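Contents: one structure, followed by commentary.
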Ligand SMILES: Cc1cc2nc3c(=O)[nH]c(=O)nc-3n(C[C@H](O)[C@H](O)[C@H](O)COP(=O)(O)OP(=O)(O)OC[C@H]3O[C@@H](n4cnc5c(N)ncnc54)[C@H](O)[C@@H]3O)c2cc1C
């Protein structure tokens, strides 16, 4: 090992903690700085949803989830993939299991025991923690400069030998990651792709029942906001229809199926100002069967009770039809049957990044070397969700955060080694 050096890891989420572990194990003096009073707040929140740590699918499709950035994420995952993550958790005493969907969770579905064991190990390895230290950039915009931190005791300046930034994206800023770093890095010449909402909800555009939209009619929103639509299949341009579920919100939709399509929807809205979803409200029935049931004579029964008794259509699905179809379409059996199998829904905007599960955009890979060091700022490394990649939910976000934290730490160690050799 080269002589120990002081390293500032800024950001105590999964990426920063993984980096700190690698750096401390190599014998360096590591301090983790974080703006919040405690570590890993978003990780703990992920635990509320069962903590989907990773996914069990084979390597190639796993890497494919990173879309345009698959080529850059691939080497990081080669060195730390889903299996490695499971082994690492087991090493901390946390066994994992593969759920029916292939997603991997800790057996107790909690984040807190894992985080506790991890922090215990990091402290034992000598890692120091400086909480309530909000990094606000450098003392100068060029050249060698100290890191500035806002602390309860006023500003503190720190000049480590090397710095690893793992500041997260811009979603759920109340948990610490507010994306403010983008401005400070841009000011020093780092190329940043704009931070955008990923795995996010959307607002619906004008609907038949609320033509002055955006948003649902008041009646629909007040009756159905918060309710899940299931079973259902959802597709959009570039995203083949797939079964699952989503949730109605006050102004639109959110939930797993919408998150899965969110990149395609966001890109359509960017290109054309709106995006169209196609819903199959009866994915278990063929179009022929649906048409046969719709046109079955209904006698004196209302259309609603007819659809309810012939097709077991829920009040929410019925409400969606009333919201999105004209009166004429509702009373035309062919148009109604077609809509039940392929209901078009216009989306007008993605919800703000602050509400999203994750963030697209960030430090572009082209702004870093293969060790994740900023080429504009030698000695400064970046990892985690602050990098310019995005992926669906399913454990991919955490896996890439861990893997990039490890890769940036290894990059830092190589850089230190090279400098050490040069100085000898
Ligand atoms: C509700 C929810 C549920 C989720 N569930 C899952 C899931 O089940 N599976 C999955 O794979 N992913 C999930 N995610 C996403 C996952 O939690 C993130 O991708 C992951 O936490 C990113 O790790 P990170 O270390 O890059 O950033 P973060 O976890 O965001 O950590 C960044 C840290 O940097 C600190 N920080 C930021 N700015 C500063 C500053 N200026 N100065 C000092 N400190 C700063 C923050 O306080 C924070 O502690 C979920 C996200 C949300 C919002």
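With semi-axes defined as the square roots of five times the eigenvalues of the C-alpha gyration tensor, the equivalent ellipsoid of the chain measures 48, 22, 18 Å, largest first. Compared with the dominant Cα axis of the chain, that is its longest principal axis, helix 112-124 is turned about 10°. Quick check: the distance between the Cα centres of the range 1-58 and the range 126-151, to the nearest angstrom? Each part's Cα centre sits 17 Å from the other's. Between the range 173-201 and the range 208-243, what's the alpha-carbon centroid distance in Å? That distance is 30 Å. Taking Cα atoms only, the orientation of helix 14-25 departs from the longest principal axis of the chain by about 30 degrees.
The value of relative contact order for the range 245-316, using C-alpha pairs under 8 Å at least six residues apart, is 14 percent. Going from the residue with the fewest nearby Cβ atoms within 10 Å to the one with the most, 96, 136 rank 136, 96. Using a cutoff of 8 angstrom between alpha carbon atoms and counting only pairs six or more residues apart, the relative contact order for the range 153-305 works out to 17 percent. Centre-to-centre separation between the Cα atoms of the range 284-318 and those of the range 364-408: 51 Å. By DSSP, the beta bridges lying fully in the chain are antiparallel in about 70 percent of cases.
Taking a ≥ b ≥ c as the square roots of the Cα gyration tensor eigenvalues, the range 1-55 comes out oblate, since a/c reaches at least 1.5 and a/b does not exceed b/c. Taking the fewest neighbouring Cβ atoms within 10 Å as the starting point, the ordered list for 342, 382 is 342, 382. Across all directions, the average projected area of the convex hull around the alpha carbons of the range 136-289 is 14.0 nm². Which whole-number percent gives the relative contact order of the range 183-239, counting Cα pairs below 8 Å spaced six or more residues apart? Over the range 183-239, the number comes to 15 percent.
Listed by Cβ neighbour count within 10 Å, with the fewest neighbours leading, 259, 396 appear as 259, 396. Measure nothing fancy, just the Cα-based angle from helix 396-423's long axis to the longest principal axis of the chain, in degrees from 0 to 90, nearest 10. It works out to around 20 degrees.
Every read-out reported here was derived from the displayed coordinates using simple, explicitly stated rules and does not represent laboratory data. This one's a predicted model, so the numbers in the text were calculated from it and none came from an experiment. Cβ coordinates were reconstructed from backbone atoms using ideal geometry, including for glycine residues, and neighbour counts include every protein chain displayed.
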